[in-house]
């Protein structure tokens with residue numbers, strides 16, 4: 001009897017990697033389905049079958065979504081690298097003068113997205129009408145190595161060594177109040193006795209520079225308004241409800257706002273535009289880098 005020559009099925013294929021990548025990026029069955037063009041039940045069955053074939057779970061099912069395990073993250077990283085290489089190969093077939101196409105995912109925290117990027121994007125969008133943009137406003141750092149985003153705008157003094165990018169400048173901040181709030185206070189009220197707004201309700205900002213400065217300068221101060229991000233702090237101050245630390249680019253020149261502290265160099269933060277090395281040669285990434293580097297000006 002001759003031995004069987006049937007090929008042993010491979011445990012992984014391109015569609016499997018695409019599935020894992022969509023789940024890591026989307027974090028929910030519904031979002032992964034949207035990315036893949038499938039319904040939620042189809043995604044659920046596909047990932048269950050894949051886990052059965054591999055003999056181990058890839059994701060931890062939680063109430064808020066799917067938490068990828070180490071294997072899922074490793075597979076997503078390789079799937080993202082394959083995706084980037086495929087994109088680069090497609091671009092070899094395009095003329096340099098051809099219109100930019102495809103999807104560009106941009107990650108930034110709520111403050112820099114709303115305060116810096118969105119006001120600039122009009123000319124970029126008009127210049128590249130066939131390019132799709134996905135704007136991710138989150139205070140969680142997108143993992144570029146898992147291709148959760150193609151480029152990220154980050155405030156950091158030391159960008160991760162596995163990423164490449166350009167330094168855009170320094171974000172400077174101060175303690176601000178609205179004139180309408182100050183007018184309601186008794187004359188001579190010290191700053192530490194005022195109502196403060198702070199991003200203390202955001203679990204992703206446990207060691208934010210303004211928080212470190214406040215705790216060192218006014219160790220007994222307890223913020224009255226705990227916000228879930230720096231953009232919310234700025235809006236509270238602009239509404240005249242409290243004082244708070246916010247960047248110059250969002251506050252300077254706004255009617256009624258008063259700088260209570262002057263420059264706070266302890267809070268200065270470098271602003272970087274970053275991408276993964278596999279992505280930096282893509283035309284859409286290079287075009288976005290060139291545009292932001294040219295048009296974004298920090299006060």
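Brief remarks follow.
- Residues of segment 204-229 satisfying the condition of being without any contact (Cβ under 8 Å) to a residue 60 or more places away in the chain, buried (at least 19 other Cβ atoms within 10 Å of the Cβ) and within 16 Å of residue 267 (Cα to Cα): 208, 210, 214
- Residues in segment 106-125 that are modelled with pLDDT under 90 and either outside the structural domain of residue 291 (by TED's automatic domain parsing) or farther than 17 Å from residue 270 by Cβ (or both): 110 only.
- Test result for residue 29, crowded, with 22+ Cβ neighbours inside 10 Å, touching a helix residue (DSSP H, G or I) at 6+ places or on another chain (Cβ under 8 Å) and at pLDDT below 90: no
- Members of segment 186-198 that are surrounded by fewer than 14 Cβ atoms within 10 Å (Cβ to Cβ) and within 18 Å of residue 237 (Cα to Cα): 189, 190, 192, 193
- Of the listed requirements (1) farther than 26 Å from residue 164 by Cα; (2) in a loop (DSSP other than H, G, I, E, B); (3) within 24 Å of the chain's Cα centre (by Cα), residue 253 misses just one: (3).
- Filter result for residue 152 (at negative phi, surrounded by 14 or more Cβ atoms within 10 Å (Cβ to Cβ), under 24 Å from the mean Cα position of the chain (by Cα) and not in a loop (DSSP other than H, G, I, E, B)): yes
- In the set 201, 241, 232, only one residue is surrounded by fewer than 21 Cβ atoms within 10 Å (Cβ to Cβ) and in a helix (DSSP H, G or I); that residue is 232.
The values are calculated or read from the model by the stated rules, or taken from the named source; none is laboratory data. Note that the coordinates shown come from a computational prediction; the quantities given were computed from them, not determined experimentally. We place every Cβ from the backbone using ideal geometry, glycine too, and count neighbours over all the protein chains shown.
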